[in-house]
Amino acid sequence: MSAAEREIPVGVVGVGHLGRHHARLYAELPGARLVAVADRDMELARQVAAKYDCEAYDDGRELIGKVEAASVAVPTEAHAEVGEALLSAEIDVLIEKPIASTLAQADSINATAERSGRLVMVGHSERFHPAIVALAGQVRAPRFFEIHRLAAFSARSTDIDVVLDLMIHDLDLLLHLDGTEPRSVEAVGVRALTDRMDIANARISFASGCVANLTASRISVEAVRRVRVFQERTYLACDTARGELERYSLVTDVGDTPRIVRERIAVEDAEPLALELAAFLRAVRSRVTPQVDGLQGRRVLELAYRVRDAIETGQV
C-alpha cells in the first residue's frame with residue numbers, strides 16, 4: 001500500500017451531537033480506522049464505541065500512543081487544553097469551530113503545532129459544502145454579500161453566543177471568497193432566550209471595496225442558510241439547506257433589449273462533514289497544510305471578536 005493510500009488510525013474526543021458524526025464517518029471512510037472515542041460521559045462514550053466497534057475512554061489523553069490523528073469536538077472552552085495535549089503527543093488534530101475561546105488560546109494551539117511538527121485543521125465544514133464549493137467557482141470580484149443563517153433553538157450550543165456558534169461559518173466564507181482584509185465592522189445583537197447573544201447582524205467592509213451584510217439567529221422557526229453574491233453583471237443565489245445554486249446574468253446582445261438569464265449550477269450530492277474529514281486525512285497522509293488550517297481558524301476568530309466588540313461597544 002502506498003503512502004497516499006495507507007490507513008490512518010484515528011480517534012474522536014467528545015462524542016456529543018457533532019462528535020458522534022465524526023465517529024460515524026471515520027468508521028465509514030476508506031483509509032480511516034476508528035480506534036477509540038473519548039468523552040467525560042463514559043456511558044455515552046461506551047454507547048458510541050459499541051456502535052462503531054472501537055475502544056471507549058473518559059479522557060482524551062488515553063488516545064495518546066493509539067492514534068495518529070484525532071477530531072476534537074469537546075466544548076469550545078476545552079479546545080486548547082485537549083488540542084494541545086494531543087499535538088504535544090505528535091497527533092494531528094481537527095478541532096471543531098471555533099478554534100478556541102480566545103485569540104491567546106488559538107495562538108497557543110498554533111504554536112504547539114509548530115513545535116511538534118503536527119497539523120491543525122479547523123472544522124469550518126461549510127467550506128466543504130458542495131453548494132459553497134460550486135459557488136466559490138463562480139465568484140469573481142464580489143461587490144456585495146447578503147447572508148442569512150437562521151436556526152431553531154438548541155440547548156447544546158449555549159456555551160457560546162450566536163456569533164461564535166453560527167455567524168462564524170459565514171465570516172469564514174467571507175474571508176475565503178473575498179480574500180482581502182476587513183476594514184470596518186458595524187454590528188448589533190440581542191439576547192432573547194439565553195444570557196448570550198441569540199440574534200446578530202453585522203455589516204463588514206473589505207479592502208477590496210466589497211461590503212457584506214450578515215444575519216444570524218438561533219431562535220428561528222424556519223431553518224435558513226442562504227448566501228447571495230452580487231458582482232459585475234451577475235447575481236449568485238446559494239441555498240445550502242437545499243443544496244442549490246443559481247446564477248442570474250445580465251445579457252446584452254447587440255440589438256436586443258438587455259435581459260436576465262437564469263441558470264441552475266450543478267451541485268454535487270455529498271455530506272460536507274464527510275468531505276471535510278476526507279480532506280483532513282489526505283493532509284495527514286501527504287503532510288500538506290490543511291485547507292482550513294490553524295492560522296485561518298485564528299483569523300476568522302479575530303473577525304468574530306471584532307463583530308462581538310462592535311455589538312458590545314456600538315463602535316465601528
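The values are calculated or read from the model by the stated rules, or taken from the named source; none is laboratory data. Computed from a predicted structure; not experimentally measured. As a convention, Cβ positions derive from the backbone with ideal geometry for all residues, glycine included, and neighbour counts pool all protein chains shown.
How do the strands (runs of 3 or more DSSP E) wholly within segment 15-76 filter down when requiring 2 or more residues that are at pLDDT 95 or above and within 25 Å of Glu5 (Cα to Cα): which remain?
Because the criterion is at least 2 residues that are at pLDDT 95 or above and within 25 Å of Glu5 (Cα to Cα), the strands (runs of 3 or more DSSP E) in segment 15-76 that meet it are 32-38, 69-72.
Pull out all pairs, ordered by first then second residue, where Cβ-Cβ is under 6 Å, the residues are six or more apart or on different chains, the first lies in segment 127-146 and is within 16 Å of Tyr248 (Cβ to Cβ), and the second is of a type in the set (Phe, Trp, Tyr).
Listed by first residue and then by second, the contacts come to Arg143/Phe230; Phe144/Phe230.
Does segment 259-270 contain any residue that is farther than 22 Å from Val12 by Cβ, within 18 Å of the chain's Cα centre (by Cα), surrounded by 16 or more Cβ atoms within 10 Å (Cβ to Cβ) and not polar (S, T, N, Q)?
no
Restricting to segment 190-202, give me the number of residues that are over 12 Å from Asp170 (Cα atoms) and surrounded by fewer than 23 Cβ atoms within 10 Å (Cβ to Cβ). Break it down into steps so the answer makes sense when it comes.
The first filter runs over segment 190-202 and keeps only residues over 12 Å from Asp170 (Cα atoms), leaving 190-200.
Restricting the remaining residues to those that are surrounded by fewer than 23 Cβ atoms within 10 Å (Cβ to Cβ) gives 190-196, 198-199.
Qualifying residue count, segment 190-202: 9.
Considering only segment 31-68, state which residues are touching a Phe, Trp or Tyr at 6+ places or on another chain (Cβ under 7 Å) and farther than 22 Å from Arg285 by Cα.
Selection gives Ala38, Ala45.
Test of understanding: among Leu301, Leu245, which residue is at pLDDT 95 or above, aliphatic (A, V, I, L, M) and assigned to a strand (DSSP E or B)?
Leu245
Mind checking which residues of segment 172-187 are surrounded by 14 or more Cβ atoms within 10 Å (Cβ to Cβ) and under 19 Å from Ala216 (Cα atoms)?
Within segment 172-187, Asp172, Leu173, Leu174, Leu175, His176, Leu177, Pro182, Val185, Glu186, Ala187 qualify.
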